[in-house]
Amino acid sequence: LAEFVSWGMAHYPSQMYALLGRSHGRGADGVVDDDHYGQTMSIPDFARAMAAGGRPIDLVVFDACRMQTVEVASELRGRAEVAVASMDRVGGQGLDPDLLLGELAQSQDARAVARRLVENSQPRQREVFGSLSAVDLEKTD
């Protein structure tokens, strides 16, 4: 992940960067399963990988179960501006990628994109996410 973040930011300069974590989530115990090695990336490792681009990620979206926790937010502080995630289980269909890409295409403001993702009332989103919230990581302490 660190190599991907570093490469992407070096090769695709932008005013805003978003990272979608789409896999299994285990809250403070980790996110993104590696089926080949049978491991889950720890939250501290995920946070370090996010920092590999040399600047904070503007928006991190977790399409994974149970990622909106105090422990995760604490680890991501300083590495991302805003986190969008669920405290609950996330359905198998996951976040509609067209919704996320459409919101990103309309705005370079991470907080505005996060707010619109959370406020979206598409039937698919209501089915997939039991809860969905945005946390301003700069205000966590």
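General remarks:
- Three-way shape call for the chain based on the alpha-carbon gyration tensor, with the a/c threshold at 1.5: rounded
- Taking amide H atoms as placed 1.01 Å from N in the peptide plane, the amide H of residue 20 lies under 5 Å from those of 61, each 5 or more residues away in sequence or on another chain.
- About its Cα centre, the chain has a charge dipole of approximately 200 debye under the convention of +1 per Lys or Arg Cβ and -1 per Asp or Glu Cβ, with nothing else charged.
- Over the chain, DSSP H runs of length four or greater, each weighted -39,500 (n - 2.57), average out per residue to a 222 nm ellipticity of -10000 deg cm²/dmol.
- Whole-number accessible area per residue in Å² for the stretch 5-87, which is evaluated in the context of all protein chains at 1.4 Å: 50 Å²
- Pairwise FRET efficiency - residue 74 versus residue 6, Cβ, R0 = 22 Å, nearest 0.05: 0.40
- Global geometry of the stretch 1-46, whether rounded, prolate or oblate, following the gyration tensor of its Cα atoms and the 1.5 cut on a/c: prolate
- Gyration tensor verdict on the stretch 66-141 (Cα atoms; rounded if a/c is under 1.5, prolate if a/b is larger than b/c, oblate otherwise): oblate
The values are calculated or read from the model by the stated rules, or taken from the named source; none is laboratory data. What you see is a predicted model; the values in this text were computed from it and never measured. Cβ coordinates were reconstructed from backbone atoms using ideal geometry, including for glycine residues, and neighbour counts include every protein chain displayed. Calculation scope for accessible area: heavy atoms of the full protein, side chains included, ligands and nucleic acids excluded. Shrake-Rupley method; radii C 1.70, N 1.55, O 1.52, S 1.80 Å.
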